[in-house]
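Structure record follows, encoded as structure tokens.
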Amino acid sequence: MDLTGQIANFHFNHILLNAAGVKCQTTAELDQVLASPYSGSVVTKSATPMTRPGNPSPRYYQLPEELGSINSMGLPNEGFAYYLDYVLNKKTDKPVFFSVAGLTKDDNLAMLMELEQSNFNGLVELNLSCPNVPGKPQTAYDFEATRAILTEVFSFFTKPLGVKLPPYFDMVHFDMIAAVLNDFPLAFVNTINSIGNGLAIDPHTDTVVIKPKGGFGGLGGSLVKATALANVRALRERLNESIKIIGTGGVTSGRDVYDLVLCGADLVEVGTQLMVEDTPVFERLEGELANELDKKDYQSLAEIRGKLQIIS
Ligand code: ERO
């Protein structure tokens, strides 16, 4: 059975990988994801120019009844140079994603310039959707700011680049972001980042469950699946065919992976469930995905990709 994927000239022997932020801050974690025989790739924790401790703890919380998670990590990372050193020296056959999330446009441009001038030969993901840095809005909710940064990026950047998007909730917003993205030679978009600024309450103590920002944080896991499917589907219907889609959000079973592919995903990332099960999750999900395809006599993901049926 063919469970492979393709973005630009990069071939992935498996379509699953970690979502940025999960299991990818340290070299040990990155190595662990890469070493999984069932991961197609790894994406690094989004980097800022310098190392950051992130927000105070508790800053990640697993919601009850397998609903999902809420986080306000605040971009803890080891700094750009740490991840550049990792990707330049790592011996692996898997294509690697380098994620950058500067707190300013100039920080992003400086990191991308260094990547351009380096020997890095993987894919770059520009995170325009971090919901958790106090005082910093999610860039990709501002369509003109998104156009402005991509215009500057593509004035010098020639390597395969994609953007990590926040979820959109309005059909007009799908049209607007697609109109911006279609004007640039993007290799991919990754949708969705966590649903920003949710709130969860511990009923025993009547207290929020995470400390930063008075308890507000990004939602992930099962409760965001419908939003992830909608974003993958809406963008697949609107983006140039050359822009591939990484579907992220709400994956706890092989059927969830199948559904994201049906909506048009080329690769699929796992965040909350990777926190729950660790890297064995990739083998379980791929096995369940193969069963789903087998039940319907499909031999490859290509047969279902983007083939969601609607009611006429
Ligand atoms: O708080 C974070 O480090 C973070 N959490 C998310 O859910 N998404 C992000 O993009 C992010 C930081 C870039």
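Which numbered condition in (1) within 16 Å of the ligand (Cβ to nearest atom); (2) surrounded by fewer than 22 Cβ atoms within 10 Å (Cβ to Cβ); (3) within 17 Å of the chain's Cα centre (by Cα) is the only one that residue 160 fails?
All conditions are met except number (1).
Please work out if residue 173 is modelled with pLDDT of 95 or more and out of contact with any helix residue (DSSP H, G or I) (no Cβ under 9 Å at 6 or more places or on another chain).
Numbers: modelled with pLDDT of 95 or more: yes; out of contact with any helix residue (DSSP H, G or I) (no Cβ under 9 Å at 6 or more places or on another chain): no.
Answer is no for this residue.
Select from the range 63-98 the residues that are more than 18 Å from the chain's Cα centre (by Cα) and polar (S, T, N, Q) and write down the one among them that is surrounded by the most Cβ atoms within 10 Å (Cβ to Cβ).
92
Given the condition touching a Lys or Arg at 6+ places or on another chain (Cβ under 7 Å) and within 10 Å of the ligand (Cβ to nearest atom), answer yes or no: does some residue in the range 76-83 qualify?
Of the range 76-83, the ones touching a Lys or Arg at 6+ places or on another chain (Cβ under 7 Å) are 76-77.
Going one step further and asking which of them are within 10 Å of the ligand (Cβ to nearest atom), we end up with 76-77.
Yes: the range 76-83 contains one or more residues that are touching a Lys or Arg at 6+ places or on another chain (Cβ under 7 Å) and within 10 Å of the ligand (Cβ to nearest atom).
Quick one: would you say residue 165 is in contact with a helix residue (DSSP H, G or I) (Cβ under 9 Å, 6 or more places away or on another chain), of a type outside the set (Phe, Trp, Tyr), closer than 21 Å to residue 225 by Cβ and buried (at least 22 other Cβ atoms within 10 Å of the Cβ)?
Values: in contact with a helix residue (DSSP H, G or I) (Cβ under 9 Å, 6 or more places away or on another chain): yes; of a type outside the set (Phe, Trp, Tyr): yes; closer than 21 Å to residue 225 by Cβ: yes; buried (at least 22 other Cβ atoms within 10 Å of the Cβ): yes.
Answer is yes for this residue.
Collect the residues in the range 256-298 that are more than 16 Å from the ligand (Cβ to nearest atom), surrounded by 16 or more Cβ atoms within 10 Å (Cβ to Cβ) and assigned to a loop (DSSP other than H, G, I, E, B), keeping them in residue-number order.
Residues satisfying the conditions are 263, 264, 265, 266, 279, 298.
Give me the residue from the range 138-157 that is more than 18 Å from residue 110 (Cα to Cα) and not charged (D, E, K, R) and, out of that set, least open to solvent (accessible area, probe 1.4 Å).
Start the filter on the range 138-157 by keeping residues that are more than 18 Å from residue 110 (Cα to Cα), which leaves 138, 140-144.
Going one step further and asking which of them are not charged (D, E, K, R), we end up with 138, 140-141, 143.
Working: 138: 26, 140: 0, 141: 95, 143: 29 Å².
Looking at residues that are more than 18 Å from residue 110 (Cα to Cα) and not charged (D, E, K, R), I get 140.
List, please: which pairs have Cβ atoms under 8 Å, are six or more places apart or on different chains, and start with a residue in the range 79-93 that is touching a residue at least 24 places away in the same chain (Cβ under 8 Å) and end with one that is open to solvent by 80 Å² or more (accessible area, probe 1.4 Å)?
79/50; 79/51; 80/50; 80/114; 82/51; 84/114; 88/119
Just checking, which of 250, 214, 135, 218 is open to solvent by 10 Å² or more (accessible area, probe 1.4 Å) and modelled with pLDDT of 95 or more?
Only one candidate qualifies: 214.
The values are calculated or read from the model by the stated rules, or taken from the named source; none is laboratory data. Note that the coordinates shown come from a computational prediction; the quantities given were computed from them, not determined experimentally. With ideal geometry, Cβ positions are generated from the backbone for all residues, glycine too; neighbour counts draw on all protein chains shown. Areas reflect the complete protein model, heavy atoms only, side chains present, ligands, DNA and RNA absent. Shrake-Rupley method; radii C 1.70, N 1.55, O 1.52, S 1.80 Å.
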